[in-house]
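Undergrad: Pasting in a structure now, in structure tokens, and then I'll have a few things to ask.
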Amino acid sequence: MHQISLHTIKDGQVKRIKKQGENRLLITYSKLRSSKDKHTRERRLKRLEKRIKSGNLTKANINNRGYNKYLKLKGNLSVEIDYQKFEKDTQWDGLKGYLTNAKLKDKQSIENYKNLWRIEKAFRMSKTDLRTRPIYHRLKHRSYLYLIYSLLYLQRT
């Protein structure tokens, strides 16, 4: 088990950990991401505190996902925030891991993963934008013209 801390990784640096087979774990640190992670965690903590204070958070609607992991059950009826867990999670601020077996250089692998959202966005758009109305034409040439017209319309937008 490897220990990663902010003291060993500088801003923008990549740390490589060899895994089984050809897999490797690439870990990066970013000061910008660290401040974003801190801000997000603090915002969600305030939301949890507000829900506890208002009584909207009960034992029945707690799971161990997300920021509910900071909650601690006291007895059967009381819910409170575990601030020690909250503070312990600051060690992960700014760290991002990529598990890969690609035969690319470390920086190239990370850049490819960073651009993956663009590919996923394109797929989502193509799934929604290419929906055309049902074709109820009996003649082949009319169906063909309808499809061409639909594609031209999509290209225009």
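What follows draws every value from the coordinates through simple rules; no lab data is involved. From a predicted model like this one, the values you see are computed outputs, not experimental measurements. In this analysis, Cβ positions are derived from the backbone assuming ideal geometry, glycine residues included, and neighbour counts consider all displayed protein chains.
Undergrad: Return the residues of region 14-40 that are in contact with a Gly (Cβ under 6 Å, 6 or more places away or on another chain) and among the aliphatic types (A, V, I, L, M); say none if nothing qualifies.
TA: 25, 27
Undergrad: Sticking with this one: Do we have residue 26 as surrounded by 14 or more Cβ atoms within 10 Å (Cβ to Cβ) and out of contact with any Ser or Thr (no Cβ under 9 Å at 6 or more places or on another chain) here? Write out each step before concluding.
TA: Numbers: surrounded by 14 or more Cβ atoms within 10 Å (Cβ to Cβ): yes; out of contact with any Ser or Thr (no Cβ under 9 Å at 6 or more places or on another chain): no.
It is false that residue 26 is surrounded by 14 or more Cβ atoms within 10 Å (Cβ to Cβ) and out of contact with any Ser or Thr (no Cβ under 9 Å at 6 or more places or on another chain).
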